[in-house]
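Peer 1: Have a look at this one.
The values are calculated or read from the model by the stated rules, or taken from the named source; none is laboratory data. Just so it is clear, the structure is predicted and the values come from calculations on it, not from any experiment. Ideal geometry is used to build each Cβ from the backbone, glycine not excepted, and the neighbour counts take in all protein chains shown. When the accessible area is computed, the model is the full protein with side chains, heavy atoms only, and any ligands, DNA or RNA have been set aside. Shrake-Rupley method; radii C 1.70, N 1.55, O 1.52, S 1.80 Å.
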Amino acid sequence: MPNLTEVARSKDLLLKVEGHSVTTAMGDGEFIKSSRWIVGGHFWEIHLRPKDHWAGRHRPVTLKLVLRSEPRGGDVKAKLSCRLVDPAGRLGPSEEKSVAHKFQRPGDYSSPAVLTAREDLEASGYLADDAYTVQCAIAVLREVPPQTATAADDPRREAAVPSPDLLRHLRELLREGTGADVTFLVSGQPFAAHRAVLAARSPVFMAQLFGGMREGSSSRRVEIEVKDIEPAVFGALLGFVYTDTVPELDRLEGEEEAASMAQHLLAGADRYGLDRLKLICEWKLSDGITVDTAATTLVLAEQHRCWRLKARCVEFVAGYLDAVLETEGYRHLEESCPAVLTDLLKAARGVEGPTS
């Protein structure tokens, strides 16, 4: 049998269930849906069932992992781990429960991880002020083929295959600039890069760097000035081009700072034809809409043709209209995208209308 090794793992994800007593009225098997998370290049949701059907148990609390994006490169194997935690720190974590599953298509879900019986939860100290918190982690797994008997018996052979390090090498190539043949100047700050990598990842870079190229011009180092983008944003965009990851979105502290980076990255992704980065930013913004960011995010969605994000913003603004009307972002919306106000009025009145 093949072994499984982790290739990507989320940071701890905290699900706070407020109003536990209200869940008594929920039907058996009804679930509460989490926000979407990106782990291993895939979008995931967690469905928490406060009263699940389960043989021999009295409607326990269970969690399922759900794949929400198209698998790339075949089936995706992932594991969901969960345990109860006490945010106040009075209790240590409960016993960890986990479940693994092979996902084949969007919408596939795992078997349930049984967290605890409702009666046990209600008798524990984890339930406080009619709320409890579940700490979850999602790990994407990869099968490692077993060694043959001959190879396993050979003392000269390594016991384990090293982890893939292509992304690390590409990240170092970008950081060191070895062999770079193009320099971008962003607000006076230079960024060294490699034309072949850029062109392979972006149709815009392909046209900009190789369109109409004459013989012999490929040997010259190119310098390009980039306007209307911040150096930090352009650096994150280049990092995505080389590694297909954007850790900057998770490193930032504070909702406003993270939302600002996601907004600027989405605009940059649209500018350079990086559709996957654009979608990542779109989901990040959809899950983090606040009164302060709703209007500016709506403007961005309209300008860059992000119709799902626009629909989510319109729904949010309609629900918190009075508060959003007081923000600077709404005044910017009135000035830059007056046509969107019609959609907001329809949504506020409960009338469905086009989003594009």
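Peer 1: Could you run the Karplus curve 6.51 cos²θ - 1.76 cosθ + 1.60 with θ = phi - 60° over segment 324-330 and give me ³J(HN,Hα) per residue in whole Hz, x for Gly and Pro?
Peer 2: Karplus values, whole Hz, x for Gly and Pro: 5, 4, 8, 8, 5, x, 5.
Peer 1: How would you rank 279-286, 91-98, highest first, on the average number of other Cβ atoms within 10 Å across their residues?
Peer 2: With the highest mean Cβ count within 10 Å placed first, the list reads 279-286, 91-98.
Peer 1: I would also like to ask the following. Provide His101, His169 ordered by accessible surface of protein heavy atoms (probe 1.4 Å), highest first.
Peer 2: Working: His101 60, His169 85 Å².
Result, largest first: His169, His101.
Peer 1: A further question follows. From largest accessible area down, sort Trp37, Trp44, Trp307; use a 1.4 Å probe on the protein chains.
Peer 2: Most to least solvent-accessible, the answer reads Trp307, Trp37, Trp44.
Peer 1: Just how much of Phe240 is accessible, in Å², when a 1.4 Å probe is used and the result is rounded to the nearest 10?
Peer 2: 0 Å²
Peer 1: Here's another thing I want to ask about it. Can you run phi through the Karplus equation (6.51, -1.76, 1.60; θ = phi - 60°) for segment 305-317 and list ³J(HN,Hα) in whole Hz, with x for Gly and Pro?
Peer 2: Per residue, the Karplus-derived 3J(HN,Hα) values read 6, 9, 6, 5, 5, 4, 4, 5, 5, 4, 4, 5, 4 Hz.
Peer 1: A further question follows. Go through Lys64/Lys284; Lys51/Lys310; Lys33/Lys310; Lys16/Lys97; Lys77/Lys310 and tell me which ones have a Cα-Cα distance over 26 Å in this structure.
Peer 2: Where the Cα-Cα span goes over 26 Å, the pairs concerned are Lys51/Lys310; Lys77/Lys310.
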